[in-house]
Ligand SMILES: Nc1ncnc2c1ncn2[C@@H]1O[C@H](COP(=O)(O)OP(=O)(O)OP(=O)(O)O)[C@@H](O)[C@H]1O
Ligand SMILES: [Mg+2]
């Protein structure tokens, strides 16, 4: 079973994937393989343009009986069985992205994307089994525990409750 681990940059995908890997889970990190699927560079957004169809084909070919996490901010666009979206209050997300030394414009772009639920909207175009996790005040350990609980119990999907509109009203 393939599970996308997605979220706006800075929400903690890589940190959580590291912890899940420590706990013995298999992870494919899209960042590690993206070069093989890069078809250009978007100067404006300062990011690689990935051939999503080719990436999807590659992921589709992988046979996995157990749990396989596909980590990356494009993973919810792929043919996975379920999607976990890491969310973070934009105010806290700003601190995390500043720590990563991102430039102001990219930070603003990502804070707005997070506040507008962009990843959830795109994920919903393709998937129903979606769980959102608010990481704002949780430790990496707590978030990994929550993810393990989801993959063991498969509770009903959980999304659409997280609401950053207050931040939007004050900042956009
Ligand atoms: N739950 C958390 N609490 C506090 N800080 C966190 C948490 N999760 C991640 N961080 C910190 O936030 C920053 C971003 O985390 P990380 O690099 O894992 O995010 P990411 O989603 O993989 O981002 P990107 O899409 O840019 O790769 C790091 O400095 C990390 O240590
Ligand atoms: Mg990362």
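Need one number: % antiparallel among DSSP beta bridges in region 2-165, to the nearest 5. So the antiparallel bridges in region 2-165 amount to around 15 percent. Take the Cα of residue 163, step 7 Å toward its Cβ, do the same at residue 32, and the gap between the two points is 4.0 nm. Rounded if a/c is under 1.5, else prolate if a/b is larger than b/c, else oblate: which is region 4-79, with a ≥ b ≥ c the root eigenvalues of its Cα gyration tensor? Cα axes put region 4-79 in the oblate bin. Backbone N atoms of region 15-44 closer than 11 Å to the 7 Å Cα→Cβ label point of residue 105 belong to residues 43-44. Checking the a/c ratio against 1.5 first, then a/b against b/c, what shape does the Cα gyration tensor give for region 111-160? Note, shape of region 111-160 comes out oblate. Computed from Cα atoms alone, the Kirkwood hydrodynamic radius reported for the chain is 16.5 Å. In whole Å, how far is the Cα centre of region 51-100 from that of region 129-172? One Cα centre to the other: 14 Å. By other beta-carbon atoms within 10 Å, ranking 165, 15, 75 with the fewest at the front produces 165, 15, 75.
Every number in this text was worked out from the coordinates using simple rules, so none of it is lab data. Because the structure is predicted, anything quoted here is derived from the model rather than measured. Using ideal geometry, Cβ is built from the backbone for each residue, glycine included, and neighbour counts are taken over all protein chains shown.
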